[in-house]
């Protein structure tokens, strides 16, 4: 069982004074997510390569690339850190992480033509199938656990 460290990952909420300061905070947070990606894949026992998870994170951050409103940026930074803290403290279920990955699944051509993953070119439907299968396996494990628990077998 993973131990939580809420105080270690806590940060003080603050307002950015300039766009450059907000940009630095976003980059710091993005790098922290990227460094934690292998840990997240291992903690949640994801059947998805680290490179795919990193691509999903990149897509999530690039979605908000054009925002210049400081208040909106500060809110997004706060929400991003809250997600980071909840994820690393194992306060989420694997299905929550998988739902995030499915939402930001990379669709670019370079990933589809990449042969790094199992030495084959993967298409977006194949990646969606990988995530769908992982979600199904997670549900099956949960059902099996409940059946065992309710039957009184250890």
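On the beta carbon distance between residue 12 and residue 59, with R0 = 30 Å, the FRET formula returns roughly 0.55. Here the stretch 36-66 is scanned for amide nitrogen atoms under 18 Å from the site 7 Å beyond the Cα of residue 30 along Cα-to-Cβ, giving 36-38, 51-66.
Available extension along the chain between residue 103 and residue 20 is 27.0 nm, counting 0.36 nm per residue and deducting the alpha carbon span.
Read-outs: derived from the displayed coordinates by stated rules, not from any lab. The shown structure was predicted, so the numbers you read here are calculated from the model rather than taken from an experiment. FYI the Cβ positions are ideal-geometry reconstructions off the backbone, even for glycines, and counts take in every protein chain you see.
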